[in-house]
Structure formats: structure tokens, C-alpha cells
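To start, the structure under review is shown below, and the notes come after it.
Since every read-out is calculated from the coordinates, none of them should be taken as a lab result. Please read these numbers as outputs of a predicted model, since none were measured by experiment. Cβ placement follows ideal geometry from the backbone for every residue including glycine, while neighbour counts extend to all protein chains displayed.
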Amino acid sequence: MNDKKDVLDHGPFFHGTKAELNIGDLLEPQHLSNYQDKKSNHIYFTATLEAAKWGAELAKSESKERIYMVEPLGDFENDPNVTDKKFPGNPTRSYRSKSPLKVIAELGVWERHSDEQINHMLTSLEKLREEGKAVIFD
């Protein structure tokens, strides 16, 4: 975990989802994951718009894709699911926390990935699930 004098990243931070939230709402752990059929012990966020777009586009739901700017209200750590496991270092600037994130704004306009890119990613994720490799360490 980071401490206040050794901040991992100064943001701004984003959370991609299909949930409809309001400014001031808190995103908290212990809710059903967008990507697994279980409650998540952490809340995940990123400092890159690219990673937030994937979060919104791949979330389980038929609702509108949304990206929120968020403020971490406590300590956070590098997301071990992508840091060093898939990408050396943390180029996606992806993090997780057991403390809430406060919604401070919604990005009204952003360019989503093409349907072809999203379908390719969904196919790749399905292949990983079939191989038993789609494990999220939470």
C-alpha cells in the first residue's frame, strides 16, 4: 500500500463501468464484480483513459458505457492483475483500493474502441476463461 508521502500516482483517476452514478457517490468494494460472478474485495481504477474505456466496454451489463473521474479516499496499490503479471511495471497505471472512490465527474464524451477491437478482446477473454487463465487476484 502507498502512504501519503509516497503517492503512487497523482491522477487524474478514472473508473469505467456501465453503472449510472451521481457526483458525490462512493464506489466501494464488496459489490458484485463487473468481470466475475463474485463480490470484489477491492475497487479498481486507473489513471489512463485507455484502461477506463476497456473497463466501461467490457463491464457485464447492457446499460450505457460510462467513465467517471474518481478520487481515492484512502490508500491504494498497483493492480497485481496487470502490474508485472501482464505488463512490466504499471504502464496502464491501474490501481485498486479497499477504501472508497468518490465520483467527482463523468466524462460526457469519449471515443470508444471499435466494435472489431471490442469483439476481439471479448474473444480473447473467453479463450482465457476456457483455458482457466482468466483469474483475477482480488
Next on the checklist: In whole Hz and in residue order, list the ³J(HN,Hα) couplings for the stretch 99-111 that follow from phi through the Karplus curve 6.51 cos²θ - 1.76 cosθ + 1.60, θ = phi - 60°; x for Gly and Pro.
Outcome noted: 9, x, 10, 9, 6, 10, 5, 10, 6, x, 9, 7, 8
Checklist entry - For the stretch 40-103, taking Cα atoms only, what is the radius of gyration to one decimal and the Dmax to the nearest whole Å? => result 11.9, 33
Checklist entry - Long-range amide H contacts for residue 13: which residues qualify at under 5 Å (H placed 1.01 Å from N, peptide plane, sequence gap of 5 or more or a different chain)? => result 70
Next on the checklist: Cut-off is 10 Å between beta-carbons; in what order do 54, 110 appear when sorted fewest neighbours first?
Outcome noted: 110, 54
Checklist outcome for this item: Surpassing 23 Å at the alpha-carbon level, of the pairs 60/98; 64/98; 18/39; 39/60, are 64/98
Checklist outcome for this item: Here Rg/Rh (Cα, Kirkwood) for the stretch 13-130 equals 0.94
Checklist outcome for this item: For residue 106, other-chain or 5+-apart residues with amide H closer than 5 Å (H placed, Pro excluded) are 69
